[in-house]
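Below you'll find the structure, written out as structure tokens, and then a few comments.
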Number of protein chains: 2
Amino acid sequence: MTDDTERQVEQAQSAALRLANVDAAERDAALGAIADAIRENSEAILEANAEDVAEAEEMLAEGEYTQALVDRLKLDEGKLESIAGMVESVADQTDPLGKTLAARELDDDLELYKVAVPIGVVGTIFESRPDALVQIAALALKSGNAVILKGGSEASESNRVLYETIVEAVAEADADLPEGWAQLIEAHEEVDRLLELDDKVDLVMPRGSSEFVSYIQDNTQIPVLGHTEGVCHVYVDEAADLEMAEEIAFDAKVQYPAVCNAVETLLVDDDVAADFLPGMVERYREAGVELRGDAPTREIVDVDPASDDDWSSEYGDLELSIKVVEDVYAAVDHANTFGSKHTESIVTEDADVAETFMTGIDAASVFHNASTRFADGYRYGLGAEVGISTGKIHARGPVGLEGLTTYKYYLEGDGQLVASYAGDDALPFTHRDFDGEWTPGHLAGE
Amino acid sequence: MTDDTERQVEQAQSAALRLANVDAAERDAALGAIADAIRENSEAILEANAEDVAEAEEMLAEGEYTQALVDRLKLDEGKLESIAGMVESVADQTDPLGKTLAARELDDDLELYKVAVPIGVVGTIFESRPDALVQIAALALKSGNAVILKGGSEASESNRVLYETIVEAVAEADADLPEGWAQLIEAHEEVDRLLELDDKVDLVMPRGSSEFVSYIQDNTQIPVLGHTEGVCHVYVDEAADLEMAEEIAFDAKVQYPAVCNAVETLLVDDDVAADFLPGMVERYREAGVELRGDAPTREIVDVDPASDDDWSSEYGDLELSIKVVEDVYAAVDHANTFGSKHTESIVTEDADVAETFMTGIDAASVFHNASTRFADGYRYGLGAEVGISTGKIHARGPVGLEGLTTYKYYLEGDGQLVASYAGDDALPFTHRDFDGEWTPGHLAGE
């Protein structure tokens with residue numbers, strides 16, 4: 001029996017097939033229309049948002065929600081303008097589609113092209129900031145993917161009006177986009193249903209807490225692009241410039257402790273621990289960082305003891321654990337055992353030690369003499385950030401629009417048969433790579 | 001509680017961390033040692049194989065196995081030599097690891113490199129041809145991945161001896177490879193356990209029937225690289241060179257009908273159906289192809305009626321269904337609805353129609369004026385074929401050694417902090433792409 005969610009996903013599927021062939025100018029025009037419509041529709045959007053905020057404030061009074069949640073939920077003219085600007089900046093990105101990734105002659109007049117195409121239907125489940133819906137819809141449209149949108153229930157009124165604004169703007173835009181490319185789902189049961197439709201949804205992108213992302217991963221056969229934990233380390237080697245090490249370790253924890261690329265455990269080589277730790281600890285204390293350490297650390301500085309749990313905790317706050325290690329190998333072992341394969345950094349002036357650390361660590365990002373906080377799509381120059389992946393398959397680390405693409409092989413021939421390339425008189429293949437863009441049908445009718 | 005399978009996977013995990021940094025020359029030397037050991041150990045291997053074959057022949061007599069299975073199982077000196085040669089050809093492939101895929105300056109002395117690395121631990125479950133174990137172990141070793149091997153129970157004696165031959169050859173080779181990089185599992189319960197270890201196994205590659213691959217996909221949270229069905233189409237457009245179309249449609253079905261890239265349904269434009277079908281059908285009949293067609297087809301040629309099931313059947317044999325369609329759009333719709341996103345081909349001299357078909361089809365491979373049978377890693381020039389993927393994520397279509405790699409971001413700095421790039425006085429990023437290979441630590445100590 002086809003239910004409503006399945007029907008929505010099927011509409012997205014047929015839209016995806018057509019959206020894949022809408023050219024970049026039309027997709028960008030549609031994005032421009034979305035930005036304009038958000039500005040024009042600001043009154044209705046803010047009205048709907050006020051309803052969400054009023055309800056959230058009641059929950060706040062009842063102690064169910066935090067002030068931070070209410071603040072994140074709240075829109076105003078300024079925030080709407082920056083949302084519209086964000087949509088325009090997505091339009092300005094390089095088109096991720098149509099690029100010929102490889103071209104190879106298999107034989108005379110038999111040419112293989114590997115071309116970037118959209119993935120198809122992307123299911124997204126995201127946090128209650130209302131700008132998330134707009135950002136995700138814009139990224140999907142830019143990359144030619146149909147999208148199923150599920151936002152937080154706290155933002156349901158805002159999301160509904162934003163969704164309608166987007167869909168109407170695209171329908172009325174001077175761009176031939178297929179209806180049904182974006183679908184809004186609202187109920188929790190619809191999410192469960194979505195996660196079952198693994199033959200119709202090509203990718204799921206959950207955003208939110210690591211528990212939430214793990215829940216999604218455990219409850220669907222659809223490939224998941226998301227990130228769970230960020231347990232990151234900074235290792236201060238014996239050959240480190242200790243002033244640099246102090247600055248990096250400070251930045252990595254204090255500059256913004258709530259995010260996944262902040263450091264959770266500082267590893268210090270035992271040869272420099274006595275020199276390094278007292279100043280470092282003082283600096284952290286001044287910034288209000290709660291510190292725990294293993295026994296060798298506590299022989300040097302007066303901090304609370306670290307338990308085994310500390311080594312695998314993502315504090316997400318001004319808390320840090322410190323461990324003294326024997327050498328770079330011990331640092332690598334500790335990070336590979338307790339880290340979450342997100343981002344690890346070494347501070348050293350010794351290039352060989354840097355190489356040992358960087359190649360030995362199994363993580364999406366490994367840094368030398370730089371703060372872990374650089375692990376981010378914007379800082380990496382990826383353009384619009386689709387998300388961060390802690391998986392190793394398809395996309396790893398910060399993911400740009402490329403993460404929403406796959407590829408298709410196009411083969412242009414003039415009647416070649418496999419029978420000619422098999423058996424005793426088999427023709428050989430030339431397998432010669434060349435630079436060239438796919439031009440449909442250029443070998444036909446010559 | 002840690003069981004045996006989990007312990008094996010954990011051994012593979014620690015081996016994977018070290019194997020990732022074994023250089024190409026050592027991996028290739030180890031592959032050479034495997035090839036030599038297979039030749040030297042041929043007597044023991046053939047003896048073990050004879051036990052498997054004797055048991056299989058009993059099952060054949062009882063009607064449990066087919067003669068084809070017994071034939072596939074059987075090794076002889078010639079087959080062993082070609083297995084050894086296959087291992088040497090894997091060694092000859094270009095190293096898939098260490099390549100810098102992208103290099104970007106983020107700012108002065110702050111350089112980001114994206115470098116190809118192994119995935120980690122790959123679980124493989126494969127058919128009962130004993131050469132499969134050797135091939136998969138060789139591909140894993142070449143790409144720096146630890147591997148869990150589970151073969152068909154029919155080949156258990158052969159697999160055990162081949163596994164021991166491989167592991168001992170690598171241990172004794174003049175190459176510093178970590179112990180435990182290859183693990184053999186034998187019982188069905190061990191497979192079930194393997195599929196549960198989604199936090200320790202990075203990728204599963206099942207080979208076998210489409211039912212089997214689907215079963216694996218439905219029973220694990222680990223990403224799966226595999227292919228299920230191949231329901232491929234050839235579309236003969238009204239602007240086709242009809243002689244070419246006949247040759248291609250014949251090759252695509254008859255050259256080797258048992259494989260997934262053989263055609264199952266022939267789509268013919270209604271303007272040329274009356275011209276094209278009589279000769280085509282005669283040609284197929286002479287080759288013993290059983291034909292079915294829709295009503296318009298049966299007005300032109302005398303074939304059995306096609307049922308709805310025919311459109312989605314992978315015959316894998318000398319059987320074919322024929323459907324007359326109105327135009328290229330109807331052909332695209334039919335293929336997108338009933339096809340398996342594997343390989344589709346159009347025959348036409350009209351470049352615009354070719355473009356409509358090729359961009360409209362959602363499949364891993366779309367061909368113009370060439371037989372569907374070209375969809376294959378060897379013919380594509382991918383070198384060693386790891387498998388064929390019908391998924392869209394990570395790897396699509398024929399997959400070479402690259403499919404067993406992921407990437408790591410390396411960032412080389414000289415003490416940069418994110419605080420400098422944030423706030424009112426934020427430094428700008430330069431984000432300048434450049435050609436360059438990652439050289440560990442080259443900015444340190446300058």
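Tabulated data
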| quantity | calculated |
| --- | --- |
| Point-charge dipole on Cβ atoms (K/R +1, D/E -1) for chain B, about Cα centre, debye to 20 | 680 debye |
| Relative contact order (percent, whole number), chain A, Cα cutoff 8 Å, 6+ residue spacing | 19 percent |
| Dipole axis of the range B:324-411 (+1 Lys, Arg; -1 Asp, Glu on Cβ), positive-most option in B:Y380, B:S340, B:G403 | B:G403 |
| Relative contact order (%) - criterion: Cα under 8 Å, at least six apart; region: the range B:336-438 | 17 percent |
| ³J(HN,Hα) computed for each position of the range A:344-353 - Karplus, 6.51 cos²θ - 1.76 cosθ + 1.60, integer Hz, glycine/proline x | 9, 9, 10, 10, 7, 9, 9, 5, 5, 5 |
| Convex hull projection area averaged over all views, the range B:232-381, Cα basis, nm² | 7.7 nm² |
| Long-range Cα-Cα pairs in the range A:99-206 (distance over 22 Å), rounded percent | 41 percent |
| Global form of the protein assembly as shown, assessed from the alpha-carbon gyration tensor, a/c cut-off 1.5 | oblate |
| Options B:V9, B:T100, B:S128, ranked by Cα towards positive dipole end of the range B:4-218, top entry (Cβ charges) | B:T100 |
| Rounded to 5, the percent of DSSP beta bridges in chain B classed as antiparallel | 35 percent |
| Order by protection proxy (mean Cβ within 10 Å, highest first), peptides B:186-198, A:33-45, A:121-133 | A:121-133, A:33-45, B:186-198 |
| Where A:R72, A:R160 fall by accessible area, highest first, once all protein chains stay in place (1.4 Å) | A:R72, A:R160 |
| Net dipole in debye of the range B:4-218 [+1 Lys, Arg Cβ; -1 Asp, Glu Cβ; about Cα centre; nearest 20] | 580 debye |
| Label point 7 Å beyond Cα along the C-beta direction, distances from A:D271 to other copies (nm, shortest first) | 8.0 |
| Within the protein assembly as shown: Cβ-based charge dipole about Cα centre, in debye rounded to nearest 20 (Lys, Arg +1; Asp, Glu -1) | 160 debye |
| Shortest-first distances to equivalent copies, position B:E168, nm, label 7 Å out along Cβ | 7.7 |
| Per-residue average of Cβ from other chains inside 10 Å of A:331-342 | 1 |
| A:T406 long-range amide H proximity, modeled H, under 5 Å | A:V117, A:I119 |
| Nm distances between copies for B:H188, ranked from closest, using label points 7 Å along Cα→Cβ | 3.8 |
| Per-pair calculated FRET efficiency, R0 = 30 Å: A:T2 and A:E77 via Cβ, rounded to 0.05 | 0.10 |
| Shape of chain B, Cα gyration tensor, a/c cut at 1.5 | oblate |
| Rg/Rh (Cα only; Kirkwood hydrodynamic radius) as it applies to the range A:4-218 | 1.03 |
| Mean Cβ count within 10 Å, highest first, over the residues of peptides B:318-326, B:289-297, B:433-441 | B:318-326, B:289-297, B:433-441 |
| Contact order relative to length of the range A:232-381, as percent, for alpha carbon pairs under 8 angstrom and 6 or more apart | 32 percent |
| Protein-protein interface of the range B:214-239, residues with accessible area decrease of at least 50 Å², isolated chain reference, 1.4 Å probe | B:Q221 |
| Rounded to 5, percent antiparallel among DSSP beta bridges of the range B:4-218 | 35 percent |
| Karplus-derived 3J(HN,Hα), 6.51/-1.76/1.60, for each residue of the range A:268-278, Hz, glycine and proline x | 10, 5, 5, 6, 10, 4, 5, 6, 7, 5, x |
| Residues whose placed amide H lies under 5 Å from that of A:Q416, excluding near-sequence neighbours | B:S371 |
| ³J(HN,Hα), Karplus 6.51/-1.76/1.60, whole Hz, each residue of the range A:114-130, x for Gly, Pro | 10, 10, 6, 9, x, 6, x, 10, 10, x, 10, 9, 9, 5, 8, 5, x |
| Protection proxy ranking of A:238-245, A:51-58 - average other beta-carbon atoms within 10 Å, highest first | A:238-245, A:51-58 |
| Among A:P257, A:N369, A:A287 - extreme Cα towards positive end, dipole of the range A:232-381, charges at beta-carbon | A:P257 |
| Other protein chain Cβ atoms within 10 Å, averaged over every residue that makes up B:110-116 | 3 |
| Shielding by partners, peptide B:388-398 (average Cβ within 10 angstrom, other chains) | 5 |
| For the axis carrying chain A to chain B: nearest C-beta residue of A, whole Å | A:H394, 2 |
| Residue-normalised accessible area of the range A:4-218, given per residue in Å² at a 1.4 Å probe | 41 Å² |
| 5 angstrom amide H check on A:V325, placed H, neighbours 5+ away | A:V268, A:D269, A:D270 |
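The values are calculated or read from the model by the stated rules, or taken from the named source; none is laboratory data. Predicted, not measured: the structure shown is a model, and the values here were computed from it. Cβ: placed from backbone, ideal geometry, glycine included. Neighbour counts: every protein chain shown. Accessible surface areas use protein heavy atoms only, side chains included; no ligands, DNA or RNA. Shrake-Rupley method; radii C 1.70, N 1.55, O 1.52, S 1.80 Å.
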